[in-house]
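Heads up: the structure comes next, in structure tokens.
The values are calculated or read from the model by the stated rules, or taken from the named source; none is laboratory data. No experiment lies behind these values; they were computed from the predicted model shown. Cβ sites come from the backbone with ideal geometry, for glycine too, and all protein chains shown count toward neighbours. Just so you know, the surface numbers come from the protein's heavy atoms only, side chains and all, with ligands and any DNA or RNA stripped out. Shrake-Rupley method; radii C 1.70, N 1.55, O 1.52, S 1.80 Å.
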Amino acid sequence: MRSENIYLIGLMGAGKTTIGRQLAKALKLPFYDSDKAIEEATGVNIPTIFEFEGEEGFRDREQKMIKQLTQMQGIVLATGGGAILREENRRLLKENGFVVYLKCSVGRILERTRKDTSRPLLRTDNPRARLESLYAEREPLYLACADFKVDTGVMQSKAVVNRILEHYRTLNSEKE
């Protein structure tokens with residue numbers, strides 16, 4: 001079944017980890033966060049990888065991790081916000097699971113991330129402009145990759161989880 005795995009994509013701060021944990025719990029599936037998996041594999045945090053290897057070095061590590069994680073069966077995966085930048089990652093996600101785009105407005109993301117110092121791409125004098133530029137660049141890729149889209153900026157996480165589960169279960173019952 002193509003949609004046994006659920007993969008969450010979207011900008012940083014859209015709620016991928018929060019929603020992912022709740023989805024995994026509801027489905028009794030293991031939860032993975034690709035950024036956390038990279039940190040565990042390297043023994044250093046993402047900002048350190050960015051500092052020493054740059055964004056390109058991080059994206060190489062991310063691609064390897066996405067490849068590894070998409071080979072697993074029956075998981076919920078929260079990807080990094082930029083995982084969809086590489087065509088290979090988009091292909092792996094689409095071929096191996098049900099891809100959910102967690103859409104969220106730049107304003108809401110700014111509220112959620114304003115005290116978070118662990119996001120290298122927001123270490124800038126103008127985080128709003130940076131987020132708007134990331135959104136403009138990535139939105140078409142998120143939409144092209146996603147099987148389902150839900151706005152996390154206007155709903156509580158529990159409601160988002162219920163919407164995803166409803167759609168996921170409908171899809172799976174149609175396949176049987």
(request) Mind listing whichever residues of segment 55-82 are under 18 Å from ALA24 (Cβ atoms), under 17 Å from the mean Cα position of the chain (by Cα) and in contact (Cβ under 8 Å) with a residue 40 or more places away in the chain? (result) THR70, MET72, GLY74, ILE75, VAL76, LEU77, ALA78, THR79, GLY80
(request) Answer yes or no: is there a residue in segment 120-142 that is open to solvent by less than 40 Å² (accessible area, probe 1.4 Å) and touching a Ser or Thr at 6+ places or on another chain (Cβ under 7 Å). (result) yes
(message) Being at pLDDT 95 or above and open to solvent by less than 70 Å² (accessible area, probe 1.4 Å) is the requirement here; does VAL106 meet it?
(response) no
(message) Go through segment 69-96 and report how many residues are under 17 Å from LEU23 (Cβ atoms), in contact with a strand residue (DSSP E or B) (Cβ under 6 Å, 6 or more places away or on another chain) and either open to solvent by 10 Å² or more (accessible area, probe 1.4 Å) or in a helix (DSSP H, G or I) (or both).
(response) 2
(message) Just the residues that are touching a residue at least 40 places away in the same chain (Cβ under 8 Å), within 27 Å of ASN5 (Cα to Cα), of a type outside the set (A, V, I, L, M) and open to solvent by 30 Å² or more (accessible area, probe 1.4 Å), please, taken from segment 26-54.
(response) PRO30, PHE31, TYR32, ASP35, ASN45
